[in-house]
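Trainee: Okay, here's the structure, questions in a sec.
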Amino acid sequence: MRRGVRVGLRKTGFLIPAPDAAWIECIVVDVSDHGVCLDVGALAVSKMFGLAFTADGEVRRLCTVVWRRGERLGARFVTASELRQGRTTTEADQ
């Protein structure tokens, strides 16, 4: 069961694999208050990554992968309090 309403976007986003790495274009399929669904093609994506919703990087979120099915993946947004406490795992990891 989903925790929130998802809004369909089908908009270009940019996956940020590491702080100094080149950004990789992806498609933001939909988004909610808690997470996002991305179309990343055959790209290998690390468990935790950054996501820029705009080309200038003005809107960014830190994400952790929850599921992957083919070219699509679902990710949960990581909160600042989770980062401070070192809690960045998904429920499936526990």
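Trainee: Could you tell me how many of the residues in region 14-26 are in contact with a Ser or Thr (Cβ under 7 Å, 6 or more places away or on another chain) and crowded, with 16+ Cβ neighbours inside 10 Å?
Mentor: Of the residues in that region, 1 qualify.
Trainee: Which residue pairs have Cβ atoms closer than 6 Å, lie 6 or more positions apart in sequence or on different chains, and pair a first residue in region 34-46 that is modelled with pLDDT of 95 or more with a second residue that is charged (D, E, K, R)?
Mentor: Sorted first by the residue in region 34-46, then by its partner, the pairs are 35/76; 37/30; 39/71; 39/72; 41/71.
Trainee: Here's another thing I want to ask about it. Checking the conditions here, which among 55, 18 is over 21 Å from residue 79 (Cα atoms) and modelled with pLDDT under 95?
Mentor: Exactly one residue qualifies, and that residue is 55.
Trainee: If you go through region 22-30 one residue at a time, do you hit one that is more than 23 Å from residue 4 (Cα to Cα), in contact with a strand residue (DSSP E or B) (Cβ under 6 Å, 6 or more places away or on another chain) and assigned to a loop (DSSP other than H, G, I, E, B)?
Mentor: The answer is yes, given that some residue of region 22-30 is more than 23 Å from residue 4 (Cα to Cα), in contact with a strand residue (DSSP E or B) (Cβ under 6 Å, 6 or more places away or on another chain) and assigned to a loop (DSSP other than H, G, I, E, B).
Trainee: Only residues that are of a type in the set (D, E, K, R), touching a Gly at 6+ places or on another chain (Cβ under 8 Å) and either within 20 Å of residue 10 (Cβ to Cβ) or exposed (fewer than 12 other Cβ atoms within 10 Å of the Cβ) (or both): list them for region 27-85, please.
Mentor: Across region 27-85, the qualifying residues are 30, 33, 60, 61, 68, 71.
Trainee: Considering each residue of region 65-94, count those that are assigned to a strand (DSSP E or B) and either among the charged types (D, E, K, R) or modelled with pLDDT under 95 (or both), and give that number.
Mentor: Counting residues in region 65-94 that are assigned to a strand (DSSP E or B) and either among the charged types (D, E, K, R) or modelled with pLDDT under 95 (or both) gives 4.
The values are calculated or read from the model by the stated rules, or taken from the named source; none is laboratory data. As the structure is a prediction and not an experimental result, all values here were calculated from the model. A quick note on method: Cβ atoms are made from the backbone with ideal geometry, for glycine too, and the neighbour counts reach across all protein chains shown.
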